């Protein structure tokens with residue numbers, strides 16, 4: 001049996017309601033009110049049919065920042081795939097407006113934004129170059145992201161990840 005994909009993530013945060021507001025207002029997640037647990041909020045990503053994609057559990061304002069990556073092991077970030085470069089550009093604007101955007105990169109096969117939630121936990125939003133558009137110059141690496149040039153090259157509304165993270169069209 002193979003693992004297919006990450007089904008959901010659960011984060012310990014200082015205030016689940018505050019974090020839920022960020023994820024709904026900035027990234028378009030929707031609350032799943034079917035699950036009622038004190039101090040917890042469950043969210044579904046905008047384009048998802050998943051039961052839930054993100055669980056947030058409150059642990060209180062006295063919680064210290066995670067030292068992961070600065071002397072301890074731990075999770076670096078979560079990466080969520082977006083459908084189009086237009087989506088990635090829209091999120092870049094929203095993350096910038098909310099002072100959450102901390103970086104961006106062109107990794108050749110992916111175009112990525114990096115941001116932090118209200119507790120400083122990092123996440124990535126990424127668009128994956130479709131398999132039929134991979135070329136020698138889309139090899140792995142880290143280069144500055146140029147969304148305008150990428151939209152000119154691939155099209156702003158080209159569905160990403162086809163033949164890579166999602167099945168290629170049959171026909």
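If you take the residues in segment 18-36 that are surrounded by fewer than 12 Cβ atoms within 10 Å (Cβ to Cβ) and more than 20 Å from residue 125 (Cα to Cα), which one is nearest to the chain's Cα centre (by Cα)?
33
It is to be established whether one or more residues within segment 76-84 are farther than 15 Å from residue 125 by Cβ, surrounded by 15 or more Cβ atoms within 10 Å (Cβ to Cβ) and in contact with a strand residue (DSSP E or B) (Cβ under 6 Å, 6 or more places away or on another chain).
No: segment 76-84 contains no residue that is farther than 15 Å from residue 125 by Cβ, surrounded by 15 or more Cβ atoms within 10 Å (Cβ to Cβ) and in contact with a strand residue (DSSP E or B) (Cβ under 6 Å, 6 or more places away or on another chain).
Exactly one condition in (1) under 17 Å from residue 163 (Cα atoms); (2) touching a residue at least 40 places away in the same chain (Cβ under 8 Å); (3) exposed (fewer than 13 other Cβ atoms within 10 Å of the Cβ) is not met by residue 120; state its number.
All conditions pass for residue 120, except number (1).
Under the condition of being surrounded by 12 or more Cβ atoms within 10 Å (Cβ to Cβ) and under 21 Å from the mean Cα position of the chain (by Cα), which residue from segment 59-75 is farthest from residue 21 (Cα to Cα)?
69
Just name the residue that is nearest to residue 104 (Cα to Cα) out of those in segment 123-147 that are surrounded by fewer than 15 Cβ atoms within 10 Å (Cβ to Cβ) and under 20 Å from the mean Cα position of the chain (by Cα).
In this case the residue turns out to be 144.
Here, each number is a calculation from the coordinates, and none is a lab measurement. Predicted, not measured: the structure shown is a model, and the values here were computed from it. Quick reminder, even Gly has a Cβ in these numbers, built from the backbone with ideal geometry, and neighbours come from all protein chains shown.
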